[in-house]
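Following: one structure in structure tokens, then a few remarks.
The values are calculated or read from the model by the stated rules, or taken from the named source; none is laboratory data. Because the structure is a prediction, the values reported are computed rather than measured. When we count neighbours, we look across all protein chains shown, and the Cβ atoms used for this are built from the backbone with ideal geometry, even at glycine.
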């Protein structure tokens, strides 16, 4: 299977998992109120330009502090240019943001997308020689 097709399959699977996660409701003990998945308000990648072999940092931020660990799907529009070290970013309970490193793999431009439920936030990344 070629790299582009494998990357496409990973993105489709990540989006499908995100869609399932968005419909989940977490039940509180003793019949208390229920809580929906937290809302992601931003995703940034800094620096926006790196050289091949360097890393950039992706940061996802929630609207409120996470009551439980929150897992966010991470994808690159072109893994031949920018490759996240992991497919997910976890924001631990008690925090509002989490980070993921992104490797500059080859020259070009890519869009890095973080998805939580139905909310997707993207940031550009340019990789130079």
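Would you say residue 111 is part of a strand (DSSP E or B), modelled with pLDDT of 95 or more and either under 21 Å from residue 41 (Cβ atoms) or in contact with a helix residue (DSSP H, G or I) (Cβ under 9 Å, 6 or more places away or on another chain) (or both)?
Values: part of a strand (DSSP E or B): yes; modelled with pLDDT of 95 or more: yes; either under 21 Å from residue 41 (Cβ atoms) or in contact with a helix residue (DSSP H, G or I) (Cβ under 9 Å, 6 or more places away or on another chain) (or both): yes.
In short, yes.
Might you check whether a residue that is loosely packed, with under 14 Cβ neighbours inside 10 Å and on the phi < 0 side of the Ramachandran plot occurs anywhere in the range 71-80?
No - not one qualifying residue is present in the range 71-80.
Please go through the range 62-81 and give me each residue that is over 11 Å from residue 116 (Cβ atoms) and touching a helix residue (DSSP H, G or I) at 6+ places or on another chain (Cβ under 9 Å), ordered by number.
So in the range 62-81, the residues over 11 Å from residue 116 (Cβ atoms) come out as 64-65, 67-69, 75-81.
Matches in the range 62-81: 75, 76, 77, 78, 79, 80.
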